[in-house]
Amino acid sequence: MAVDVIVIGAGLSGLACALRLRQAGLEVQLIEAADRAGGRIATDRREGFLLDRGFQVLQTWYPRARRLLDYAALDLRPFYPGALVRIDGRFHRVSDIWRHPGRLPEMLGSPIGTVADKLRLLALRRRALRGSIADLYARPEMTATQLLDHLGFSPRIQTRFFKPFFAGVFFEPDLAVSSRAFEFVFRAFALGDTALPAGGMAEIPSQLASRLPPGCIRYGARVERLLADGVLLERGERLAARAIVVATDGGAAARLLGVAPPPLRGTSCLYFAAPEPPFAGPDLVLNGTGQGPINSLLCPSNLSGAYAPAGQALITVNCFGTASDPEALESAVRAQLRDWYGAVVARWRPLAVYRLPAALPAQAPPVTAPARPAPLREGLWVCGESTAPPSIHWALASGTETAEALIETLGIATLGAGRSAD
Ligand SMILES: Cc1cc2nc3c(=O)[nH]c(=O)nc-3n(C[C@H](O)[C@H](O)[C@H](O)COP(=O)(O)OP(=O)(O)OC[C@H]3O[C@@H](n4cnc5c(N)ncnc54)[C@H](O)[C@@H]3O)c2cc1C
């Protein structure tokens, strides 16, 4: 028997889409290849530690996340707004002075850039916060580094702050990403907290999935092919629906739709168990030297005790790209960690090395805000990163808006065809 809508993929976009469709009273079947919801947002349990799959955080400003997620239930644990930057053999604190005005003298004296650079941060902030999100994505576009050059930022602050901080978001060491995507992310950091749910990032999709009725998500089922009136599963089963929404990652969507896959950026993440953390606070540590394999480091267990068993700490180290030799990467990371934290690093026990080659689509220009969703052909829709920039905000937005457009279309068809036939 045909359902109203099959949604392929239970990542954030598929979950948001299914929730909105069900709110409208439609019968929805979510088909998910994995054995859990969440797609790229995942948290693995290992020896009592919670390992978020890659360096992932929630920017609480995201308008769609605020609307769809119950932040209180996620028990969000914010990072310090700023970072500790490793430069010239020392860690220097960089602060968001709008939230910590008392840190202004320290900021003005810090070696991350010149005094003029720090004043230029005001101009960048004003620019990134001006207008609606749609306005921001309609601005003349260049790369982020061209924008920083254009605004007069010195090479010093670009190497010591902008590249390690923002390139770690885009997984692009040279920050050759769209200035629109860069300003969107700058706005997110400026207007909200950067946080982890107390129980790990997977709590985000789990919360959404828990609002769907039992059986609505079918796990361990991979869609092999799209059919005119439904989908064909890997094991040969056919499922029929009045409409299909492809909410997979860009690579899988490209295979299903027969189009070229998007270029992707990868990351590697190393996890260590330590008797104690190398610092006490909820800080993100950045490598401002431009040398060595480490991009950033954090201690999730400093934010929430659930990340590590009692009496232990979890240390997560993020690196650009996906190393072909994880052992060589680990020894290069350890050498840099020894330089940063000394002999204590010998007591850090490796828990895992994750290689994530398909972490994010590249965000080189042009990057545009998603157009109003429209079917590719009658009854076939796409949402998620094939139609929107990658991020928690855009995944939720594209899923919800695609559902709304589909509801409108089905509503019109229903009036003509007579919904009671279902
Ligand atoms: C390491 C990392 C760090 C990130 N950090 C951040 C961050 O800090 N902040 C932020 O905003 N964003 C971040 N992102 C981006 C954000 O997580 C993604 O943009 C978003 O989760 C994508 O959601 P999605 O639903 O579009 O796709 P996905 O999460 O990829 O979900 C797609 C789903 O489709 C399923 N699927 C694929 N093919 C099939 C098939 N044939 N049949 C059935 N199911 C299928 C997959 O199993 C998957 O569950 C990060 C991503 C990564 C990987």
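Rule-based calculations on the coordinates, nothing more; no lab input. The structure displayed is predicted, hence computed values, not measured ones. Cβ placement follows ideal geometry from the backbone for every residue including glycine, while neighbour counts extend to all protein chains displayed.
Sorting 142, 1 by the number of Cβ atoms found within 10 Å of their own Cβ, with the fewest placed first, yields 1, 142. Tilt of helix 392-417 relative to the longest C-alpha principal axis of the chain, in degrees (0 to 90, nearest 10)? It works out to around 10 degrees. Have a look at the DSSP beta bridges in the chain and tell me what percent are antiparallel, nearest 5. Here the antiparallel bridges make up roughly 75 percent for the chain.
What angle, in degrees between 0 and 90 and rounded to the nearest 10, separates the Cα long axis of helix 12-23 from the longest principal axis of the Cα atoms of the chain? Approximately 40 degrees, to the nearest ten. The residue among 121, 173, 158 whose Cα reaches farthest toward the positive pole of the charge dipole of the stretch 80-192, with charges on the beta-carbon of Lys, Arg, Asp and Glu, is 121.
Under the convention that each Lys and Arg Cβ holds +1 and each Asp and Glu Cβ holds -1, the size of the dipole of the stretch 80-192 around its Cα centre is about 340 debye.
Within the chain, what's the longest run with no GluC sites (Glu not before Pro) in a DSSP loop and at most 11 other beta-carbon atoms within 10 Å? Give the range, please. Longest gap between qualifying sites, sites excluded: 1-236. Pairs of Cα atoms nearer than 8 Å and 6+ residues apart set the relative contact order; for the chain it is 25 percent. Packing, as the average of other Cβ atoms within 10 Å across residues, places the peptides 341-349, 191-199 in the order 191-199, 341-349, highest first. Ordering 37, 13, 95 by the projection of their Cα atoms onto the charge dipole of the stretch 1-100, which places +1 on the Cβ of Lys and Arg and -1 on the Cβ of Asp and Glu, puts 95 at the extreme positive end. The trypsin sites (Lys or Arg not before Pro) of the stretch 110-208 that DSSP puts in a loop, and whose beta carbon has at most 12 other beta carbons within 10 Å, are 130. Relative to the longest principal axis of the Cα atoms of the chain, the long axis of helix 115-129 makes an angle of roughly 10 degrees.
Neighbour counts of C-beta atoms inside 10 Å place 393, 100, 150 in the sequence 150, 100, 393, starting with the fewest.
The loop-placed trypsin sites (Lys or Arg not before Pro) in the stretch 232-332, going by DSSP, that have at most 13 neighbouring Cβ atoms within 10 Å of their Cβ come out as 235. Loop-resident trypsin sites (Lys or Arg not before Pro) (DSSP state other than H, G, I, E or B) in the stretch 48-88 with no more than 13 further Cβ atoms inside 10 Å of their Cβ are absent.
Size of the stretch 278-422: Rg and Dmax of its alpha carbons, in Å, are 23.3, 74. Which residue, chosen from 228, 185, 136, occupies the Cα position most advanced towards the positive end of the dipole of the stretch 109-256, where the dipole is computed from +1 (Lys, Arg) and -1 (Asp, Glu) charges on Cβ about the Cα centre? Ranked along the dipole, the leading option is 136.
Which values, in whole Å and largest first, are the semi-axes of the equivalent ellipsoid of the chain obtained as the square root of 5 times each eigenvalue of the Cα gyration tensor? Could the numbers behind the result be given before it?
Values: eigenvalues 310, 123, 70 Å².
Listed largest to smallest, the semi-axes of the chain are 39, 25, 19 Å.
Computed 3J(HN,Hα) for the stretch 47-61, one whole-Hz value per residue from the Karplus formula 6.51 cos²θ - 1.76 cosθ + 1.60 where θ = phi - 60°, is 6, x, 9, 9, 10, 5, 6, x, 7, 10, 9, 9, 8, 5, 5, glycine and proline marked x. Averaging the sequence gap over all C-alpha pairs within less than 8 Å and six or more residues apart, then dividing by the number of residues, gives the stretch 80-192 a relative contact order of 26 percent.
Could you give the length gained by full extension between residue 75 and residue 405, i.e. 0.36 nm per residue of separation minus their alpha carbon distance, to one decimal place? Write down the numbers at each step before the final one.
Numbers: separation 330, 0.36 × 330 = 118.80 nm, distance 3.27 nm.
My answer for the length gained is 115.5 nm.
Only Cα pairs under 8 Å and 6+ residues apart enter the sum, and on that basis the relative contact order of the stretch 220-288 stands at 16 percent. Distance from the Cα centroid of the stretch 20-72 to that of the stretch 255-292 is 19 Å (rounded to whole angstrom).
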